[in-house]
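**Student:** Handing you this structure, nothing more for now.
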Amino acid sequence: MARLLISAAHKSSGKTTVTLGLCAALRKNNLKVQPFKKGPDYIDPMWLALASGRHCYNLDFFTQTHDEIKSLFDSKSTDADVSIIEGNKGLSDGLDLDGSNSSAALARLLKTPVIMVIDTQGITRSVAPLLLGFQKFEPDVNIAGVILNKVGGSRHEEKLRRVLQEYTEISVLGAIQRDPALEIVERHLGLIPSNETASANVLIKKITENITKQIDLERINNIASTTEETSNFSNIDSKKTAGITIGILRDEAFGFYYQDDLEAFEQAGAKLIFIDAINDKKIAPIDGLFIGGGFPESRMKQLENNTTMRALLRDKINKGLPVYAECGGLMYLSNGIHWHDAYSEMLGVIDAYSVMHDRPVGRGYVYLKKNEKHPWINGNIKGADQQPAP
């Protein structure tokens, strides 16, 4: 099973740009490319799915056991020519001191070679101790090559290549010249999601053209193909339930869903209906509603203007329609959203107001402890008092 993990020394090194360029370039060469993202992440998988033409799946130590990670990886890679995992943050970064949930730990678990994407702005000779440090720090991680990113010209590239040739045994697989036109715009929670920009495919095409010219795809594919065998794990079985229909809001405002969650619903017997909260004027009969995250504040006037949809959903929920919402979904259920100097009305199901700040107040994982008001207090979820929630 050919596979690679793309990582970096730190976040915002350009690894998402490189990874989606790799996915699209290999796809253009008639290879079936299966993308994965070291989670938690909703936005990068949307870009990677668009580039590869296949759904992207999260691999997350915090919400999945090792066996679940292996099962998901193996099952989704079965019919692919190559699987590409994009890491998160730096190679050794993680929640725990021992690095047990880092990208390096994921590479070890899946016996996957690592290609480092190094942001070379402002460095030349220092690139050698940087990479040597990563090798020495976790010698059981196979750093199989490096892609030099944001290179400042031919002279800069030559110096970097000579340094790495002289002081390391790490292969340089490409050098991508600095080009602001290749960057995906970042916002307060990371990259702008691909479902929000009509120019996503145009940008991916431009990135792919540059990647194809500036990196050695053949060598990268050879590295991916010379990997160790992994044990095969069957899919985790899901309980079958009576057929129900679940409405899912998915549009330019709401797009944060894990593909394996949606597939788990279907495997359990549910029918999924996708609803556009911005444009749709009617809803097919549904037994429940799922509103994931997104950036409703960026489309709040459009959401407000669809008074028909807001009235339909408000009426159904007030009459007892079960609804699960998180992040942006909860904002949509509130009375309204304040952002900058603007305000837009939302559903008003939750008697509260959403106020957006210029910077995130905080983000990360939270441990929940159930009390008598917990919706699953009767024990329907095993170990609910210790279940993590993003």
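**Student:** If I filter segment 230-245 for residues that are at pLDDT 90 or above and surrounded by fewer than 17 Cβ atoms within 10 Å (Cβ to Cβ), do I get at least one hit?
**Tutor:** Yes, that holds for at least one residue.
**Student:** Taking segment 33-88, which residues are of a type in the set (Gly, Ala, Ser), farther than 14 Å from Ser103 by Cβ and touching a strand residue (DSSP E or B) at 6+ places or on another chain (Cβ under 9 Å)? Quick ask: steps written out before the conclusion?
**Tutor:** Here is the first cut: in segment 33-88, the ones of a type in the set (Gly, Ala, Ser) are 39, 49, 51-53, 71, 75, 77, 80, 83, 87.
Among the residues that remain, those that are also farther than 14 Å from Ser103 by Cβ are: 49, 51-53, 71, 75, 77, 80, 83.
Once the filter is applied, which keeps residues that are of a type in the set (Gly, Ala, Ser), farther than 14 Å from Ser103 by Cβ and touching a strand residue (DSSP E or B) at 6+ places or on another chain (Cβ under 9 Å), segment 33-88 yields Ala49, Ala51, Ser52, Gly53, Ser77, Ala80, Ser83.
**Student:** Considering each of Thr168, Thr120 in turn, give the residue that is in the same structural domain as Ser102 (by TED's automatic domain parsing), surrounded by 15 or more Cβ atoms within 10 Å (Cβ to Cβ) and more than 22 Å from Ile207 (Cα to Cα).
**Tutor:** Answer to the selection: Thr168.
**Student:** May I pose another question? Filter segment 353-384 for residues that are part of a strand (DSSP E or B) and under 16 Å from Met300 (Cα atoms); which is modelled with the lowest pLDDT? Break it down into steps so the answer makes sense when it comes.
**Tutor:** First, the residues of segment 353-384 that are part of a strand (DSSP E or B): 353-356, 366-367.
Checking the rest, the ones that are also under 16 Å from Met300 (Cα atoms) come to 353-356.
Values: Tyr353: 96, Ser354: 95, Val355: 94, Met356: 90.
Of everything passing the filter in segment 353-384, Met356 is modelled with the lowest pLDDT.
**Student:** If you don't mind, there's one more thing I want to ask. Right, Ala311: at pLDDT below 95 and assigned by TED's automatic domain parsing to the domain that holds Gly255 or not?
**Tutor:** no
**Student:** Return the total of residues in segment 338-353 being under 29 Å from Leu321 (Cα atoms) and out of contact with any Asp or Glu (no Cβ under 8 Å at 6 or more places or on another chain).
**Tutor:** 9
**Student:** For segment 247-280, give me each residue that is of a type in the set (Lys, Arg) and surrounded by fewer than 15 Cβ atoms within 10 Å (Cβ to Cβ).
**Tutor:** Of everything in segment 247-280, just one residue is of a type in the set (Lys, Arg) and surrounded by fewer than 15 Cβ atoms within 10 Å (Cβ to Cβ), namely Lys271.
**Student:** Could you grab me the full set of residues in segment 28-55 that are surrounded by fewer than 20 Cβ atoms within 10 Å (Cβ to Cβ), touching a residue at least 12 places away in the same chain (Cβ under 8 Å) and among the polar types (S, T, N, Q)?
**Tutor:** Asn29
**Student:** While we're on this one: How many residues does segment 78-123 contain that are of a type in the set (A, V, I, L, M) and outside any loop (DSSP other than H, G, I, E, B)?
**Tutor:** Just the residues of segment 78-123 that are of a type in the set (A, V, I, L, M), to begin with: 80, 82, 84-85, 91, 95, 97, 104-107, 109-110, 114-118, 123.
Keeping just the survivors that are outside any loop (DSSP other than H, G, I, E, B) gives 82, 84-85, 104-107, 109, 114-118.
Adding up the residues that qualify gives 13.
**Student:** Also, I was wondering about something else. Quick check on my filter: what residues within segment 131-186 are more than 30 Å from the chain's Cα centre (by Cα), of a type outside the set (S, T, N, Q) and in a loop (DSSP other than H, G, I, E, B)?
**Tutor:** Answer for segment 131-186, where residues must be more than 30 Å from the chain's Cα centre (by Cα), of a type outside the set (S, T, N, Q) and in a loop (DSSP other than H, G, I, E, B): Gly153, Glu169.
**Student:** Which residue pairs have Cβ atoms closer than 7 Å, lie 6 or more positions apart in sequence or on different chains, and pair a first residue in segment 57-69 that is more than 14 Å from Lys37 (Cα to Cα) with a second residue that is modelled with pLDDT of 95 or more and of a type outside the set (Phe, Trp, Tyr)?
**Tutor:** Between residues of segment 57-69 that are more than 14 Å from Lys37 (Cα to Cα) and residues that are modelled with pLDDT of 95 or more and of a type outside the set (Phe, Trp, Tyr), the close pairs are His66/Leu109.
**Student:** Yes or no: Glu266 in a helix (DSSP H, G or I) and free of Cβ contacts under 8 Å to residues at least 12 places away in the same chain? Walk me through it before giving the result.
**Tutor:** Working: in a helix (DSSP H, G or I): yes; free of Cβ contacts under 8 Å to residues at least 12 places away in the same chain: yes.
So Glu266 fits the description; yes.
**Student:** Is segment 96-105 home to any residue that is buried (at least 20 other Cβ atoms within 10 Å of the Cβ), under 19 Å from Thr168 (Cβ atoms) and either at pLDDT 95 or above or over 17 Å from the mean Cα position of the chain (by Cα) (or both)?
**Tutor:** Looking through segment 96-105, at least one residue is buried (at least 20 other Cβ atoms within 10 Å of the Cβ), under 19 Å from Thr168 (Cβ atoms) and either at pLDDT 95 or above or over 17 Å from the mean Cα position of the chain (by Cα) (or both).
**Student:** Based on this model, can you work out whether Ala25 counts as of a type in the set (A, V, I, L, M), buried (at least 19 other Cβ atoms within 10 Å of the Cβ) and touching a Gly at 6+ places or on another chain (Cβ under 7 Å)?
**Tutor:** no
The values are calculated or read from the model by the stated rules, or taken from the named source; none is laboratory data. The model shown is predicted, which means the values in this text are computed figures rather than measured ones. Glycine gets a Cβ as well: all are built from the backbone with ideal geometry, and neighbour counts include every protein chain shown.
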